[in-house]
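Here is the structure we will look at.
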Amino acid sequence: MSVIITVAPTGPIASTADNPSLPTQPLEIAEAVHAAYLEGASVAHLHFRDENEKPTASLDIAKRTMDLIEERCPILIQVSTGVGLSVEFEDREKLVELRPRMATLNPCTMSFGEGEFRNPPIGVRRLAARMRELDVKPELEVYDTGHLDACIRLWEEGLLAEPLQFSLVLGVRGGMAATPDNLITMVKRLPPEAIWQVIAIGRSSLELTAIGLALGGNARAGLEDTLYLRKGELAQGNTPLVTRAVQLARDLDLSIASPEQAEQILALPQH
Ligand code: KMH
Ligand code: ZN
């Protein structure tokens, strides 16, 4: 089986003051994604920023960015419906109307660092149902054990198509800590045919990504998850992080999925 490498170039939190290589504007994001595609990424996980770098659910900015990416490469686009803590759920959910091939679905409200990440049950159900209608594949973002149970309930309610695709997110303050033990507990609890990847935030990103790959998961890399290549060394853009994740997979004798292969593995509906 091939490994799907996702690039997460921007995220909602860091700014160019934290890392000057962070892409925030549509063209910068498109160029970063294209470079990641050339390195082996088959999925691009996107957050958008306005001209002041503030997270936005603007359909215009999102569409412009998606178009610029599509002009450059056939990478599969996954839009974040997490967007950013300052944006209302009701605005965030509208992004799926652009019909990206994939989008994230965050199943539960939680503390997120010093902020609150609001994902009310009724809204999550509505968004899951709308994504199913529009054939937008959800990536289920699981930050804690109860989040997995919430996803399984959505599946039992018929709101999620198989295969289920999970991100096991470790290291967010408010979610589970980034430890190998927590990762293994979560992997053991996944439904049998589930597809999954590790998202490890901050300094354990590399180790947990490696463990995830060794356990049969996919991998995600990019400045959304860590601004550093190693302790004290800022990553000079997304490419070195993606290159390293691809190399990690290759060193484990895993092959890297092309977008077409990723499409098949995830059973993405044709658009
Ligand atoms: N930012 C990560 C902690 C999303 O964008 O919907 C999780 C994430 C989820 O990427
Ligand atoms: Zn994200």
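The values are calculated or read from the model by the stated rules, or taken from the named source; none is laboratory data. Note that this is a predicted model, so its numbers are computed, not measured. Note that we place each Cβ from the backbone using ideal geometry, even for glycine, and neighbour counts take in every protein chain shown. In case anyone asks, the SASA skips ligands and DNA or RNA and just uses the protein heavy atoms, side chains included. Shrake-Rupley method; radii C 1.70, N 1.55, O 1.52, S 1.80 Å.
Listed values, structure above:
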quantity: Verdict on LEU168 being within 16 Å of ligand 1 (Cβ to nearest atom) and either open to solvent by 20 Å² or more (accessible area, probe 1.4 Å) or over 23 Å from GLU53 (Cα atoms) (or both); calculated: yes
quantity: Filter pass, ARG64 being without any contact (Cβ under 8 Å) to a residue 60 or more places away in the chain, over 26 Å from LEU190 (Cβ atoms) and among the basic types (Lys, Arg); calculated: yes
quantity: Only listed residue being of a type in the set (D, E, K, R), over 15 Å from the mean Cα position of the chain (by Cα) and closer than 28 Å to ALA249 by Cβ, chosen from GLU51, GLU93, GLU97, GLU39; calculated: GLU39
quantity: Identity of the residue in the stretch 208-244, of a type in the set (Asp, Glu) and either within 14 Å of ligand 1 (Cβ to nearest atom) or in a loop (DSSP other than H, G, I, E, B) (or both), that ends up nearest to ILE29 (Cα to Cα); calculated: GLU224
quantity: Qualifying residue in the stretch 148-161 (condition: in contact (Cβ under 8 Å) with a residue 60 or more places away in the chain, closer than 21 Å to PRO269 by Cβ, more than 14 Å from ligand 2 (Cβ to nearest atom) and assigned to a strand (DSSP E or B)); calculated: no
quantity: Selected residue [within 13 Å of ligand 2 (Cβ to nearest atom) and surrounded by 24 or more Cβ atoms within 10 Å (Cβ to Cβ)] from VAL79, VAL87; calculated: VAL79
quantity: Residue check for TRP155: under 30 Å from LEU134 (Cα atoms), of a type outside the set (A, V, I, L, M) and within 17 Å of the chain's Cα centre (by Cα); calculated: no
quantity: Members of the stretch 24-62 found to be acidic (Asp, Glu), more than 16 Å from GLU224 (Cβ to Cβ) and part of a loop (DSSP other than H, G, I, E, B), listed by number; calculated: ASP50, GLU51
quantity: Residue tally, condition open to solvent by 10 Å² or more (accessible area, probe 1.4 Å), without any contact (Cβ under 8 Å) to a residue 60 or more places away in the chain and either more than 12 Å from ASN238 (Cβ to Cβ) or within 15 Å of ligand 2 (Cβ to nearest atom) (or both), over the stretch 35-61; calculated: 12
quantity: Residues of the stretch 105-146 classified as touching a Gly at 6+ places or on another chain (Cβ under 8 Å) and within 16 Å of ligand 2 (Cβ to nearest atom), total; calculated: 8
quantity: Filtered residues of the stretch 5-17 (kept if in contact (Cβ under 8 Å) with a residue 40 or more places away in the chain and either more than 16 Å from ligand 2 (Cβ to nearest atom) or in a strand (DSSP E or B) (or both)); calculated: ILE5, THR6, VAL7
quantity: The stretch 173-189, subset open to solvent by 20 Å² or more (accessible area, probe 1.4 Å) and assigned to a loop (DSSP other than H, G, I, E, B), residue farthest from VAL242 (Cα to Cα); calculated: GLY174
quantity: Only one of PHE112, PHE89 that is in contact (Cβ under 8 Å) with a residue 40 or more places away in the chain and either of a type in the set (Phe, Trp, Tyr) or in contact with a Ser or Thr (Cβ under 6 Å, 6 or more places away or on another chain) (or both); calculated: PHE112
quantity: Sole residue being surrounded by 15 or more Cβ atoms within 10 Å (Cβ to Cβ) and in contact (Cβ under 8 Å) with a residue 12 or more places away in the chain, chosen from ALA262, ALA267, ALA214; calculated: ALA262
